[in-house]
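Here's the structure, in structure tokens; my notes come after.
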Amino acid sequence: MSTTHQTITLGGGCFWCTESVFVEVMGVVDVESGYSNGHLHQPSYEAVCTGTTGHNEVVKLVYDPAVVSTRELLEIFFVIHDPTTLNRQGNDTGTQYRSGIYFSTPEQEAEARAIIAELTASGHYGRPIVTEVLAVQNYWPAEAYHQDFFARNPTQGYCMAVAAPKVAKFRKTFARLQKS
């Protein structure tokens, strides 16, 4: 049986943290840290950090929708970051840390808008959700040293303080979706 993989790109703050969670999700076959939805062609980390390129730190997920649905990926996304803070996640501030869902199919867009509407109607966060939902544009992979950063540096201070708790929250909340 042939599998058709899909790609969705998510911005939920520092890509080290977001990547550290999604590499553990069953059905996710590739996770790449990168930059998207800015205006500079082939941006560098240093350029993105200036806040002038318009890019967001993101993870590009390639997944098998027969194993994990877009809905489940978005449910994880909304649990592991705060979608109510504009251009900020924790102590990380700047437009590169904004909450964003960058879709590659109309179905992904519809699912993103539906889950945001449900979360808004439920009052779950108590504040407005500021997650942008846009077609992915001008994606560029991050430098090699950013890829698999948490896996290679689990005892680094930022990883221990910020990424590790997100991984633990994923494991507790979504144990059924964790790779074995």
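The values are calculated or read from the model by the stated rules, or taken from the named source; none is laboratory data. Remember, predicted model here, so these are calculated numbers, not experimental data. As a convention, Cβ positions derive from the backbone with ideal geometry for all residues, glycine included, and neighbour counts pool all protein chains shown. Note: areas computed on protein heavy atoms with side chains; ligands, DNA, RNA excluded. Shrake-Rupley method; radii C 1.70, N 1.55, O 1.52, S 1.80 Å.
For the reader, a short list of remarks on this structure follows.
- Taking every alpha-carbon pair under 8 Å whose residues sit at least 6 apart, region 39-180 reaches a relative contact order of 25 percent.
- Across region 1-88, Cα pairs under 8 Å and at least six residues apart give a relative contact order of 40 percent.
- Solvent-accessible area, 1.4 Å probe, carbon plus sulfur percent, for the chain: 56
- Of the trypsin sites (Lys or Arg not before Pro) in region 104-180, the ones in a loop by DSSP (not H, G, I, E or B) with at most 16 other beta carbons within 10 Å are Lys179.
- The chain - mean residue ellipticity at 222 nm from DSSP helices (-39,500 (n - 2.57) per run, n ≥ 4, rounded to 500): -8500 deg cm²/dmol
- Whole-number accessible area per residue in Å² for the chain, which is evaluated in the context of all protein chains at 1.4 Å: 47
- Sum of side-chain charges, Val21 neighbourhood, beta-carbon under 15 Å (Lys, Arg +1; Asp, Glu -1): -2
- Taken about its Cα centre, the chain carries a charge dipole of about 500 debye when Lys and Arg each add +1 at the Cβ and Asp and Glu each add -1 at the Cβ.
- Placing a label point 7 Å from the Cα of Ala135 along the Cα-to-Cβ direction, the residues of region 29-51 whose backbone N falls under 17 Å from that point are 36-39.
- Farthest toward positive dipole pole in region 67-180 [+1 Lys/Arg, -1 Asp/Glu at C-beta], among Leu86, Ala110, Gln156: Gln156
- For Ala144, neighbours were defined as the other residues whose beta-carbon sits under 12 Å from its Cβ, and their charges (Lys and Arg +1, Asp and Glu -1) total -2.
- In summary, the lysines within cross-link reach of Lys60, defined as a Cα separation below 20 angstrom excluding same-chain residues under 8 places away, comprise Lys166, Lys179.
- Shape analysis of region 92-172 places it in the oblate category; the axes a ≥ b ≥ c from the Cα gyration tensor give an a/c of at least 1.5, with a/b not above b/c.
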